[in-house]
Amino acid sequence: MIDTDSVVIGAGPVGLFQVFQLGLLGLEAHVIDVLPQAGGQCVALYPDKPIYDIPGVPMCTGRGLSAQLREQARPFLRSAPDGKKGVNLHLKQLVSSLEHLPDGRYQIETHQGLILRCRAVFVAAGAGAFVPKTLPLPKLEGSQQLHYHLDEVHEGRLPWSGQHLVVVGGGDEALSAILSLSSTEGSDAPSRLTLVHRRAQFQADSALACDVQALIDQGRIDLVVGMPTDVELLDGRLLTLLLLGPDGQTHRLALDHLLVRQGMSPKLGALTQWGLALERKQISVSPATFESSLPGVYAVGDINTYPGKKRLLLCGFHEATLAAHHAAAQLNPEAPQHLLYTTTSPLLHERLGVLNPQK
Ligand SMILES: Cc1cc2nc3c(=O)[nH]c(=O)nc-3n(C[C@H](O)[C@H](O)[C@H](O)COP(=O)(O)OP(=O)(O)OC[C@H]3O[C@@H](n4cnc5c(N)ncnc54)[C@H](O)[C@@H]3O)c2cc1C
C-alpha cells in the first residue's frame, strides 16, 4: 500500500508533464502505465516520426520528445528504488479500479496488485491503456513462450536467448523488433530468427522495410509468408505454429518462442466504470481547472473533453499545468498560492535540484 499526494494514470507525454508540474508545486506523484516504457502514443505509435508544433522546439521525434519530458520530470521521478522512498514510476501496471474512500481520499488498484491511496488523481489516459494486438489463438493464452515486448527479461536473461524466435507482424513494430533482435550480440541473441507475415510486402516505413529486406536477402533472417491459424503444444509447451500459406496449404513452423508485434490498440476498459461523467468516451472536465465530475479527480490530455478541446500535445501540457495549480490550492489551502517562476524562484530551484542557477 502506497500513501501519496497524487497519482497520475498514464505516463504518456501529458502524464509525464503532469508529474513535473506537481513536483514544482511540492506534491509527490506516483505515475502508472501499462506499457513497459513511458511516452504514450509518441513512443507506442510514432517513435521516429517528426513533430513540428511544440513551442520552442522546431522539430523532434515522438521518442525524442518523450525522452526530453522524462528528463525534465527526472527531479520528481524515481524509476529505480531510492532508499526508503522506493519507485514512483510504475510500468507494466494496468489501473483497474478507482474508489472514493470515506475519508475523501482515493484508492487506486492495478491488475498486478499495486494499491495506492492519494488525495488527488490525474487521469492522463489518452485513448486508453495501450495493449498489444493479440493473435486469435486461444491455445496460446498463458503460454510462457508467448511475448509482446522486447524487454521481457526473466531471471536476468531474455527468454529467447540461444533459441529459435519467431516474430509475427509486417508493420513498423515487427520490423523494428527484427532489426533490434538481429543486431543483438553475445548470449542474449536468439540462435535463429524468423519473421512471419501474411504477405511478402511489408506495411512499414520504407527505410525500415529496406533494412529488413536486406537481412532476408543476406540469409540472416528467414521470412515465412502465411497467416497463423493454430499452434501445437506438448505438455503445455509450445512446439509448432501452423500457418495458412499463400498456396492455400497449412504449413508447420517449429519454434521455441513467439513474439507477436502487430501493433498496439488503446482500450478504455475499466475507466468507464469509475463513476466519472463521460461524453463520447471522454471525461468531461471544467475548462478552468480540468477537474472531472468527481472532486479531486482531474483529467488531462487526450482523455478529456470540454468546449473547444483539441487533441494536441500543447493543449495537454496547458491542462496539466492548470490542473496541478488547482489541486495544490485544494490540498494545501493555507500555503501561499502566488505564482513562482522557474527562472527566479529559489524554492523551485531547490525542488528541481538546481544548484547554481544563473542569475
Ligand atoms: C501518428 C500521430 C501523430 C501525432 N502528431 C502530433 C503532432 O504533431 N502534434 C501534436 O500536438 N500532437 C500529435 N499527436 C497527438 C498526440 O500524440 C496526443 O495528443 C498525445 O499523445 C496525448 O498524450 P496523453 O498523454 O494525453 O495520452 P497518450 O499519449 O495516449 O498516453 C496515455 C498513456 O496512458 C496509459 N494508460 C491509459 N489507461 C491506462 C490504465 N488504465 N492503466 C495504465 N495505463 C493506462 C496508456 O498506456 C498510455 O501510455 C499525434 C498522434 C498520432 C497518433
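The values are calculated or read from the model by the stated rules, or taken from the named source; none is laboratory data. Source: prediction; values computed, not measured. As a convention, Cβ positions derive from the backbone with ideal geometry for all residues, glycine included, and neighbour counts pool all protein chains shown. Heads up: the accessible areas ignore ligands, DNA and RNA and are worked out on the full protein's heavy atoms, side chains in. Shrake-Rupley method; radii C 1.70, N 1.55, O 1.52, S 1.80 Å.
Scanning region 151-181 for residues that are more than 16 Å from the ligand (Cβ to nearest atom), closer than 25 Å to residue 210 by Cα and surrounded by fewer than 18 Cβ atoms within 10 Å (Cβ to Cβ) returns 164, 179, 180. Every residue in region 53-74 that is surrounded by fewer than 15 Cβ atoms within 10 Å (Cβ to Cβ), closer than 22 Å to residue 23 by Cα and not charged (D, E, K, R), please. Residue satisfying the conditions is 55 alone. When 217, 211, 235 are checked against the criterion of being closer than 21 Å to residue 143 by Cα and either within 30 Å of the chain's Cα centre (by Cα) or not aromatic (Phe, Trp, Tyr) (or both), a single residue qualifies: 235. Residues in region 1-11 that are hydrophobic (A, V, I, L, M, F, W, C), surrounded by fewer than 24 Cβ atoms within 10 Å (Cβ to Cβ) and in a loop (DSSP other than H, G, I, E, B): 1 alone.
If you go through region 210-262 and keep only what is open to solvent by less than 40 Å² (accessible area, probe 1.4 Å), touching a helix residue (DSSP H, G or I) at 6+ places or on another chain (Cβ under 8 Å) and assigned to a loop (DSSP other than H, G, I, E, B), you end up with 221, 261. With respect to being loosely packed, with under 15 Cβ neighbours inside 10 Å and within 11 Å of the ligand (Cβ to nearest atom), residue 268 falls outside the description. Residue check: residue 281 meets all listed conditions (1) open to solvent by 40 Å² or more (accessible area, probe 1.4 Å); (2) within 16 Å of the ligand (Cβ to nearest atom); (3) at pLDDT 95 or above but one, namely (3). Is it the case that region 196-204 has a residue that's without any contact (Cβ under 8 Å) to a residue 60 or more places away in the chain, within 16 Å of the ligand (Cβ to nearest atom) and open to solvent by 20 Å² or more (accessible area, probe 1.4 Å)? Yes, there is a match, as at least one residue in region 196-204 is without any contact (Cβ under 8 Å) to a residue 60 or more places away in the chain, within 16 Å of the ligand (Cβ to nearest atom) and open to solvent by 20 Å² or more (accessible area, probe 1.4 Å). The residue that is most open to solvent (accessible area, probe 1.4 Å), among those in region 80-130 that are without any contact (Cβ under 8 Å) to a residue 12 or more places away in the chain and within 16 Å of the ligand (Cβ to nearest atom), is 99. Of the residues making up region 168-183, at least one is at pLDDT 95 or above, at negative phi and part of a loop (DSSP other than H, G, I, E, B). Within region 131-150, the residues that satisfy the criterion of being assigned to a loop (DSSP other than H, G, I, E, B), over 30 Å from residue 21 (Cβ atoms) and open to solvent by less than 70 Å² (accessible area, probe 1.4 Å) are 135, 137, 143, 145, 148, 150. Just wondering, is there one or more residues in region 49-64 that are within 30 Å of residue 175 (Cα to Cα), out of contact with any helix residue (DSSP H, G or I) (no Cβ under 9 Å at 6 or more places or on another chain) and hydroxyl-bearing (Ser, Thr, Tyr)? Yes, that holds for at least one residue.
Okay, residues lined up against (1) among the aliphatic types (A, V, I, L, M); (2) at pLDDT 95 or above; (3) farther than 14 Å from residue 274 by Cα:
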| position | (1), (2), (3) |
| --- | --- |
| 85 | no, no, yes |
| 92 | no, no, yes |
| 105 | no, yes, yes |
| 114 | yes, yes, yes |
| 118 | no, yes, yes |
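For residue 104, the conditions (1) more than 21 Å from residue 325 (Cα to Cα); (2) in a loop (DSSP other than H, G, I, E, B) all hold with the exception of (1).
Considering only residues of region 12-52 that are within 6 Å of the ligand (Cβ to nearest atom) and under 16 Å from residue 324 (Cα atoms), which is least open to solvent (accessible area, probe 1.4 Å)? Here the answer is 15.
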